[in-house]
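Report on one structure; see the data block that follows.
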Amino acid sequence: MHKFTVQSLCLVASAVSVLIPASAGAAGAADVRASAKAALIVPLPDKPPGAENDTPALVSLGKKLYLDKRLSANNSQSCNSCHNIEGKGAGVDNEPTSPGAFGKRGGRNSPTSLNAGFQFAQFWDGRAADLVAQAKGPILNPGEMAMPSEAEVIKKLKATSDYPPLFAQAFTAGGDQLTYDNLARAIAAFERTLVTHDRFDDLLKGNDTSLSAQELKGAELFLKTGCTTCHTGPLIGGNMYMKVGLVNPYETSDLGRFAVTKDNDDKFKFKVPTLRNIALTAPYFHDGKVATLSDAVKKMAWHQLGKELKDDEVKAIVAFLGSLSDKARAAK
């Protein structure tokens, strides 16, 4: 996974704007594909890093844990409660902020768990380096699943009839394998299977008919406007931090990554979200205060790029973003 500086991404965005014809909609599928490649936007790999070591038994255990409300203090909350992947669930609960086991809401919007294994860090502020570290947090968070300690989690699981043999099957080194570390490893293994497949990747792979004319126009505008300064790479995001309100201030009291690093330069910086499946994961931004994708596009153009988009430009970009939805989940 690439990591980029703001300066290098600005150069990429400038290069992309040169490649694209000046009139919106003029580029065909091949032109959009070439411009996307210049912006380092490539198809998602089939598997995230680390998935090559995941066994079926480990993934199966991880899925069971991900869906199990017994991991919460009052048996009311699972990972899936805030990051729903059942049915056509897009790895979110579509709430501005999520209620925890005892009804208290968190301060940030729950990001999608789809394709999370490709991201360079986890959580909006990047406080978890990987999926294993991320999986450990919500279970013990008093505002989320509210279990009092790792020891209490393991005690609860060992008292069940189903988990001890499943851990023994998934972790074969011998001895007591029902540990909190292994619990997190199993959940991470399951989350690495949550890879989506969309029509824009079909275009990137050579299918010139996978996007409509309106979607191609939106893709062209997305690439030309400067959105790829932050939204680049296979996830079209998820690989850097950026200040929210970079050009025009965005009103928020959340200091973002500063809470992790205590570096003043990190105030109001958040991980740039992936745009894969973005049409399915409303509401938007770290605070969940933007209800629609149209408003999110308008606000990002203004706050991050200092640009006011016309209504027809917003409509086209939103159409393009719809092509980034998982085909199975977007199907009617």
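The values are calculated or read from the model by the stated rules, or taken from the named source; none is laboratory data. These numbers come from a predicted model, not from an experiment. With ideal geometry, Cβ positions are generated from the backbone for all residues, glycine too; neighbour counts draw on all protein chains shown.
Just a yes or no: is a residue in segment 259-271 on the phi > 0 side of the Ramachandran plot and not polar (S, T, N, Q)? The answer is yes; a qualifying residue exists.
Looking across Asn80, Asn75, one residue alone is without any contact (Cβ under 8 Å) to a residue 12 or more places away in the chain and either within 21 Å of the chain's Cα centre (by Cα) or assigned to a loop (DSSP other than H, G, I, E, B) (or both). It is Asn75. Quick one: in segment 262-278, which of the residues that are among the basic types (Lys, Arg), assigned to a loop (DSSP other than H, G, I, E, B) and touching a residue at least 24 places away in the same chain (Cβ under 8 Å) is nearest to Leu293 (Cα to Cα)? Ranking the qualifying residues of segment 262-278, first place goes to Arg276.
Kindly indicate whether any position in segment 319-327 is assigned to a helix (DSSP H, G or I), polar (S, T, N, Q), modelled with pLDDT of 95 or more and within 23 Å of Asn115 (Cβ to Cβ). No, segment 319-327 contains no residue that is assigned to a helix (DSSP H, G or I), polar (S, T, N, Q), modelled with pLDDT of 95 or more and within 23 Å of Asn115 (Cβ to Cβ). When Val153, Val244, Val195, Val260 are checked against the criterion of being over 30 Å from Lys37 (Cα atoms), within 23 Å of the chain's Cα centre (by Cα) and at pLDDT 95 or above, Val260 stands alone in meeting it. The condition of being crowded, with 21+ Cβ neighbours inside 10 Å, touching a Ser or Thr at 6+ places or on another chain (Cβ under 9 Å) and farther than 30 Å from Ala296 by Cα holds for only one of Gly100, Gly62, Gly91, that being Gly62. Do any residues in segment 37-49 that are farther than 17 Å from Asn277 by Cα have Cβ atoms under 7 Å from those of residues that are buried (at least 18 other Cβ atoms within 10 Å of the Cβ) and of a type in the set (Ser, Thr, Tyr), where the two are at least six apart or on different chains, and which pairs are they? Filtered contacts from segment 37-49: Ala39/Thr228; Ala39/Thr232; Leu40/Thr232.
Looking only at residues of segment 152-161 that are touching a residue at least 24 places away in the same chain (Cβ under 8 Å) and out of contact with any Pro (no Cβ under 9 Å at 6 or more places or on another chain), we find that the one that is surrounded by the most Cβ atoms within 10 Å (Cβ to Cβ) is Val153. Reported count of residues in segment 171-216, each being under 16 Å from Pro48 (Cα atoms) and among the small types (Gly, Ala, Ser), is 3.
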